[in-house]
Amino acid sequence: MSSLTPQEQVERMRRDWDQRARENARFYVNTEREDWTDEQFFASGERTVAEEILTDMINICQGKDPKQMKVLEIGCGAGRVTRALSGVFGEVYGVDISSEMVARAKQALADRPHAHVYQNSGSDLAVLGDVQVDFAFSTIVFQHIPSREVIESYVREVHRLLRPGGLFKFQVQGDPTIQALDDSWLGVSFTDEQAVELAERCGFEPRHRHGQGNQYFWLWFFKK
């Protein structure tokens, strides 16, 4: 059980991720290796999009031309997946709690004028105003958040910005043996039942779920 309030946890997350970005941003975004080249790092983002987006375009696009879609990525880090998303969709919005990560993402996206990156509060999407998006995505982000309240705040905010019927596809920690820590590396885990309850509280239909009990617990929340 965390000793910090949700706001204190958000401040801790910001400090931790700024420090990680200064230390080795690409490693902390993707811990497969410590010495990423540009080519390797962005190729790993392309692999993520190939595996989690391109295989799922029926759910994601629902008949829309992807080049006409606006999409949101929560926890964009150094722009690894954001850059790959910008090759598929018409407009991409990325947010991250860390100003250090956002600075690196902006460099990575400097040649992509249709990709926009913002530092957000760490628990809401107010920085985006009332922009309406067709699809929202997040991977290896919520597994680091040690507060259920913060995660639920994000889900509610996605509901606010997502068009009716749109999909929020995201990954949470599903391993019940994980104990969340205040250091923002090990986040809270969700059971299948807790994931369903989260969806319903926030106005979503939890139509698909995959990976219950594992680190990579994927959720497909469709806005009612």
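All of the numbers you see were taken from the coordinates with simple rules; none came from a lab. This one's a predicted model, so the numbers in the text were calculated from it and none came from an experiment. Neighbour counts run over all protein chains shown; Cβ positions are idealised from the backbone, glycine included.
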Counting only Cα, what are the radius of gyration and maximum Cα-Cα distance Dmax of the stretch 1-117, in Å?
15.3, 47
Rounded to the nearest 5, what % of the DSSP beta bridges within the stretch 6-223 are antiparallel ones?
40
All lysines inside 17 Å of Lys224 as judged from Cα atoms, apart from same-chain residues fewer than 8 positions distant
Lys169
Please arrange Asp134, Asp38 by counting, for each residue, the other beta carbons lying within 10 Å of its beta carbon, fewest first.
Asp38, Asp134
When the Karplus curve 6.51 cos²θ - 1.76 cosθ + 1.60 is applied with θ = phi - 60°, which whole-Hz ³J(HN,Hα) does each residue of the stretch 189-202 get, with x for Gly and Pro?
9, 10, 7, 4, 4, 5, 5, 4, 4, 4, 4, 5, 5, 9
Just rank Ser138, Ser121, fewest to most, by other beta-carbon atoms within 10 angstrom.
Ser121, Ser138
Each residue of the stretch 33-42 in order: what ³J(HN,Hα) in whole Hz does its phi give by Karplus 6.51 cos²θ - 1.76 cosθ + 1.60, θ = phi - 60°, with x for Gly and Pro?
8, 9, 10, 5, 7, 3, 4, 5, 5, 6
Sequence ranges 109-119, 213-223, ranked by mean other-Cβ count within 10 angstrom, highest first:
213-223, 109-119
What is the mean projected area of the alpha carbon convex hull for the chain, to one decimal in square nanometres?
11.1
Projecting each Cα onto the charge dipole of the chain (Lys/Arg +1, Asp/Glu -1 at the beta carbon, about the Cα centre), which of Gln132, Thr31, Gly211 comes out farthest on the positive side?
Gln132
From phi via Karplus (6.51, -1.76, 1.60), per-residue ³J(HN,Hα) for the stretch 4-9 in Hz, x at Gly/Pro
9, 6, x, 5, 5, 5
Take the Cβ-Cβ distance between Asn24 and Glu149 as r, set R0 to 25 Å, and report the resulting FRET efficiency rounded to the nearest 0.05.
0.25
Where does the charge balance sit around Gln107 when Lys and Arg score +1, Asp and Glu -1, over other residues with C-beta under 13 Å from its C-beta?
+3
Just the number: Rg to Rh for the stretch 72-181, Cα atoms, Kirkwood Rh, two decimals.
0.96
